[in-house]
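The values are calculated or read from the model by the stated rules, or taken from the named source; none is laboratory data. Keep in mind it's a predicted model, so treat the numbers as computed, not measured. Cβ atoms come from the backbone with ideal geometry, glycine included; neighbour counts cover every protein chain shown. These area figures cover heavy atoms from the full protein model, side chains too; ligands, DNA and RNA do not enter into them. Shrake-Rupley method; radii C 1.70, N 1.55, O 1.52, S 1.80 Å.
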Amino acid sequence: MEEGEEINEMLSIKIDEIQKQVKSGKINILNYELVSIFTELQKTINVNYLDKNSKTYMKACNLLEKKFEELRKLLGSLDNEKKFIEYLKLDPDDGEINQLFDMCWRTTFNLDPLSLEFLEASRKKLGKLEKKSYNIEHLKMSRKSGEYFILSVPEQGFSDHLLEFYDSTIEKLPCFFDEIFDGEHDQIKIYEKFVYILHLLQLGKIKFQKETNTLYI
Amino acid sequence: MKITNELSILMQLLSKKTNAIQIGATEEEILDTLNIKDKNKSFEFQNLINYLSYHLEPLGLQLRFNPLDDHWFLTFDYDTTDVISANPFKDQPRLGATLFYTLACCFSNSGVGKIDEIRNLRKKKFVIEDLKELEKLGYLKIDKYNGDVRLTSLIGYTLDLNALFMKIALKLKEE
């Protein structure tokens with residue numbers, strides 16, 4: 001028997017045991033942590049014994065459903081304010097009441113210096129840092145003398161054009177995809193820019209969000 | 001929609017302290033500041049809240065809602081940060097217990113509790129002094145002419161009411 005299959009068997013036995021204890025009233029299902037069972041179950045899933053996994057999963061789901069049912073009952077009883085007051089009429093001591101308060105307090109995050117000016121300045125600083133750290137290396141092209149090369153290599157390399165485009169575009173970001181081509185009527189230039197965008201996206205220097213049609217850094 | 005500028009504005013709105021008992025912003029304030037006015041604004045708002053919440057999680061922050069004054073605000077997440085959920089009444093159980101009785105009375109009377117009712121339930125002589133102390137701490141307001149006590153919104157920021165209700169319900173179940 002494989003290790004995963006063995007763990008699956010053990011989980012199944014464990015769930016049966018929990019169900020027995022819940023039925024006998026030994027444990028309260030609301031106090032029982034089920035996340036670990038589902039996490040373990042997830043780890044053991046294997047196509048070779050999927051039927052066993054499914055059965056254990058169904059058992060675990062039944063247990064979870066029972067927990068939800070109990071929780072629903074509990075939340076329903078919250079509306080009954082008389083019971084709430086009745087509990088207080090029992091005159092519980094101050095220590096017991098304070099125990100109810102434990103782990104119910106939270107610390108708020110409020111930062112007054114977080115002004116819009118501060119955020120905007122931070123964004124610009126971060127943008128500059130990112131720009132400085134980015135360096136496109138020139139393509140290395142070796143040509144031995146006498147060799148015929150079908151494409152003529154322009155004086156300014158592709159990387160130079162790409163870097164130039166990147167420098168001029170970064171200021172516009174974030175912006176809609178179409179805005180990059182604003183004012184450009186030459187189809188060749190539009191195509192060129194499109195190619196640069198594809199390269200920058202591939203390099204991960206800029207990003208694109210499909211849902212909002214937005215290019216951003 | 002989901003760009004740095006909007007998130008920056010949201011962070012600023014949700015972390016600002018308006019006064020000693022108010023933090024963050026309401027849905028209306030947020031929509032107004034972001035100039036979101038179309039008919040799907042509630043949907044847009046939910047999207048923004050979900051998006052911000054997703055990005056705040058790795059920073060150890062959580063987005064919360066205060067039902068007492070309808071404000072959205074931020075808290076530290078105890079599971080991912082070193083911030084400890086300290087009970088401010090740990091060394092003053094008497095005061096904490098009086099606050100608890102006040103909460104019970106206020107919640108069972110649409111937010112306004114009667115001083116006499118709290119005193120009768122608490123069965124202690126020092127109730128008035130405790131209530132005055134709690135008022136100083138900003139948790140409640142006393143209307144001595146009508147004999148009323150009203151909770152301030154501060155309790156909705158600092159106390160996880162859902163967690164407290166759950167613990168009370170469990171306690172009642174045990175009893």
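Assess whether residue A:171 counts as being under 21 Å from residue A:159 (Cβ atoms) and open to solvent by 70 Å² or more (accessible area, probe 1.4 Å). Judged against the criteria, residue A:171 is a match. Scanning segment B:31-53 for residues that are assigned to a helix (DSSP H, G or I) and more than 14 Å from chain A (Cβ to nearest Cβ) yields B:31, B:32, B:41, B:42, B:45, B:46, B:49.
Which one of B:103, B:137, B:95, B:164 is out of contact with any strand residue (DSSP E or B) (no Cβ under 8 Å at 6 or more places or on another chain), at pLDDT 85 or above and under 30 Å from residue B:27 (Cβ atoms)?
B:137
Would you check which residues across segment B:115-129 are within 13 Å of another protein chain (Cβ to nearest Cβ) and either open to solvent by 20 Å² or more (accessible area, probe 1.4 Å) or under 23 Å from residue A:107 (Cα atoms) (or both) and list them? Across segment B:115-129, the qualifying residues are B:117, B:119, B:120, B:123, B:124, B:126.
Before we move on, is residue B:24 at positive phi, at the interface with chain A (Cβ under 10 Å from one of its Cβ atoms) and at pLDDT below 90?
Numbers: at positive phi: yes; at the interface with chain A (Cβ under 10 Å from one of its Cβ atoms): yes; at pLDDT below 90: no.
Criteria not met by residue B:24.
Would you pick out the residues in segment A:5-18 that are surrounded by 14 or more Cβ atoms within 10 Å (Cβ to Cβ) and either in contact with a Lys or Arg (Cβ under 8 Å, 6 or more places away or on another chain) or acidic (Asp, Glu) (or both)? Within segment A:5-18, A:5, A:7, A:8, A:9, A:12, A:15 meet the criteria.
If you go through segment A:46-61 and keep only what is open to solvent by less than 100 Å² (accessible area, probe 1.4 Å) and free of Cβ contacts under 8 Å to residues at least 40 places away in the same chain, you end up with A:50, A:51, A:54, A:61.
Say whether the condition of being of a type in the set (Val, Ile, Thr), in a loop (DSSP other than H, G, I, E, B), at pLDDT 80 or above and touching a Phe, Trp or Tyr at 6+ places or on another chain (Cβ under 9 Å) is met by at least one residue in segment A:159-170. Give the derivation first.
So in segment A:159-170, the residues of a type in the set (Val, Ile, Thr) come out as A:169-170.
Next cut, in a loop (DSSP other than H, G, I, E, B) only: none.
For segment A:159-170, residues of a type in the set (Val, Ile, Thr), in a loop (DSSP other than H, G, I, E, B), at pLDDT 80 or above and touching a Phe, Trp or Tyr at 6+ places or on another chain (Cβ under 9 Å): absent.
Per the conditions (1) at the interface with chain A (Cβ under 9 Å from one of its Cβ atoms); (2) farther than 18 Å from residue A:89 by Cβ, the sole criterion not satisfied by residue B:98 is (2). Would you check which residues across segment B:153-175 are open to solvent by less than 20 Å² (accessible area, probe 1.4 Å), of a type in the set (Val, Ile, Thr) and touching a residue at least 40 places away in the same chain (Cβ under 8 Å) and list them? Scanning segment B:153-175 gives a single hit, B:155.
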